[in-house]
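Data block below; observations after.
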Amino acid sequence: MRLILRRIVGQLGFEVADAEDGRAALDLLAGMENVPDLALVDWNMPNMNGLEFVTAAREDARLREMTLVMVTTESEQSHIVRALAAGAHEYVIKPFTSEAMIEKLALLGLVPTGANT
Amino acid sequence: MTLSPSDFAYVAGLVRRESAIVLTPGKEYLVEARLLPVARQAGVASVAEFLGILQRRPDQNAHRSVVDALTTNETSWFRDREPFTALTDVVLPELVTSRISTRSLRVWSAACSSGQEPYSLAMTLQQFLPAGWRYQITGTDISTEMIKRASAGEFSQVEVNRGLPVQLLVHHFARSGTGWKVTPALRENITFQQMNLTAPLPPMGAFDVIFLRNVLIYFDVETKRTVLRNVSRLLRPDGWLFLGAAETTIGVDESFERVAIGRTSAYRPRATVPAGTLGKG
C-alpha cells in the first residue's frame, strides 16, 4: 500500500518520505526542516495508530498547516466520524483507484482539479 | 442498440489484455454507451461500424481510446466541480432573489446515470438554500437499469470514494452491507423516471436549472438540436442550462446564450431569437 501511495503522489510531483508507524512519523517530522503539505495516514499501525497520530499532529502547532488524510480499510461510519473529530481533513477507504485519490487531493486544493485527465 | 456477441467478445478481449479488467456478458449496454462518443470522435456513426473497422485494421491509438472509455470514466460525485461551484457562486444566489415569492426551486438532472448527479445537486441545495425553502429534483435516464440503481440510492465503497468529500459521506449516507445508502432526508425530494430525450417529452412542468451534461456528445447535430429544443421548452425563461465541458449550444441552437461563470459556462434562453438562426444546419 505504501508503494502504491508513493507512486500516486510521486507522479503528482510530491516528494515523498515514509514511516513505519505514527511514532516513527512524529520522530521523522521533528527532524524535518520543512513540514510536509500532506500526510497520508493508515489507521492500523503498531506503536501509535493513525487516530493517535492525527490527534498528536493536531496538537502540535508546528504541524498545523499539514493536511491529514486517513487511508485505511476501516470503513465504519463511527471510525470516519472519530477521525474527522480528531482533525483529519479527508478519509479514503480502501480499495480506491488512483483517480479517486487524485480527486480527494483536488478537493483539498493540493492538486489542480482534473489533474488525472 | 445492441452489440453482437462477437463484437462484445472482441472488446472484452481487448480490455482484458490491456487493463486486466474483465467485462462480463450483460455489460453490452455499458460498452455501447461508452464507445459511442469514441466512434463519433473517429467520424463513424455507430459502435458496430467502429468495431468492424478496428477489427479489420487494428490501430494502437484506437485500442487505447476503447480501453480508456471503458475503464476510467466512472461517474464521480460533483462531476467536474465547476458546474457546482457556478451553482453556489452565481446561479443559486440569483434564484434565491428571483424566486423569493415561491421559495421553491425545481432542478432536472436529464441524464442521471446511476444517480451521482441528482444526489450531488440535492447535497448542494440542502447546503445552500435558506431555511423555509423547498426544492424538487427530477432525475431521468434512458436506461431503466440505471434508473433502478439511482432510485435505490446504494453505492459501493469504490463509488463513494470518487469526488465525494468525506464530511458529506458521513452526513448524507449510512452504511449498508459493504457499501453506502443515501439517507431518507437526501432521497425524499428526488423523483426518478426513465426518459428518452430524443422523443417528445412527457409533461414535467418548468425547471429553474437543467443539468444536461455529457449527453449531447452521443448525438449527431440533428439529434442534438432535437434534444435542445425538447429541453428548452421545459426551462424557465430566466432558467439555467448546464452542459458537459466538451458540449455547447453554439452552432446547434441559437436560442441559447452562453454565460461564462468562473472556469465554466452555463446557457440561458435568449430574450429574443435572432432571425433566421433556427432550424438551419
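The values are calculated or read from the model by the stated rules, or taken from the named source; none is laboratory data. Quick caveat: nothing in here was measured; it's all calculated off a predicted structure. When we count neighbours, we look across all protein chains shown, and the Cβ atoms used for this are built from the backbone with ideal geometry, even at glycine.
For the reader, a short list of remarks on this structure follows.
- Verdict on B:P130 being within 27 Å of B:T97 (Cα to Cα) and either more than 14 Å from chain A (Cβ to nearest Cβ) or not polar (S, T, N, Q) (or both): yes
- Residue count for the stretch B:219-254 under the criterion of being over 25 Å from B:P37 (Cβ atoms) and either in contact with a Phe, Trp or Tyr (Cβ under 6 Å, 6 or more places away or on another chain) or surrounded by 14 or more Cβ atoms within 10 Å (Cβ to Cβ) (or both): the result is 2.
- Taking the criterion of being assigned to a helix (DSSP H, G or I) and of a type outside the set (S, T, Y), the only residue of the stretch B:96-109 that qualifies is B:V96.
- Matching residues in the stretch B:145-171 - criterion: being away from chain A (no Cβ under 11 Å) and either of a type in the set (D, E) or surrounded by fewer than 19 Cβ atoms within 10 Å (Cβ to Cβ) (or both): B:E145, B:K148, B:R149, B:S151, B:A152, B:E154
- Tabulated pairs, the stretch B:241-263, first farther than 27 Å from B:S76 by Cα, second aromatic (F, W, Y), C-beta under 7 angstrom, 6+ apart or interchain: B:F256/B:Y267; B:E257/B:Y267
- Matching helices (runs of 4 or more DSSP H) fully within the stretch B:36-93 where at least 1 residues are aromatic (F, W, Y) and more than 30 Å from B:L125 (Cα to Cα): B:47-56
- Enumeration of residues in the stretch B:206-236 that are over 16 Å from the mean Cα position of the chain (by Cα) and in a loop (DSSP other than H, G, I, E, B): B:A206, B:D220, B:R233, B:L234
- Filter pass, B:T24 being assigned to a helix (DSSP H, G or I) and either polar (S, T, N, Q) or touching a strand residue (DSSP E or B) at 6+ places or on another chain (Cβ under 9 Å) (or both): no
- Matching residues in the stretch B:50-91 - criterion: being at pLDDT 85 or above, out of contact with any Ser or Thr (no Cβ under 8 Å at 6 or more places or on another chain) and either buried (at least 18 other Cβ atoms within 10 Å of the Cβ) or within 11 Å of chain A (Cβ to nearest Cβ) (or both): B:F50, B:L51, B:L54, B:A62, B:V66, B:S76, B:V91
- Qualifying position, being of a type in the set (V, I, T) and in contact (Cβ under 8 Å) with a residue 60 or more places away in the chain, among B:T138, B:T124, B:T102, B:T144: B:T138
- Filter pass, B:P83 being over 24 Å from B:S109 (Cβ atoms) and of a type outside the set (S, T, N, Q): no
- So A:T55, is it among the hydroxyl-bearing types (S, T, Y), within 13 Å of chain B (Cβ to nearest Cβ) and over 22 Å from B:G179 (Cβ atoms): no
- Inspection of the stretch B:176-197 identifies at least one residue that is within 14 Å of chain A (Cβ to nearest Cβ), at pLDDT below 95 and out of contact with any strand residue (DSSP E or B) (no Cβ under 9 Å at 6 or more places or on another chain).
- Residue list for the stretch A:68-117, restricted to those being farther than 18 Å from B:R81 by Cβ, at the interface with another protein chain (Cβ under 9 Å from one of its Cβ atoms), without any contact (Cβ under 8 Å) to a residue 24 or more places away in the chain and part of a helix (DSSP H, G or I): A:Q77, A:I80, A:V81, A:L84
- Any hit, the stretch A:18-30, residues being touching a residue at least 24 places away in the same chain (Cβ under 8 Å), under 19 Å from A:R2 (Cβ atoms) and within 12 Å of chain B (Cβ to nearest Cβ): no
- Residue in the stretch A:34-52 that is more than 23 Å from B:R162 (Cβ to Cβ), at pLDDT 95 or above and of a type in the set (G, A, S) present: no
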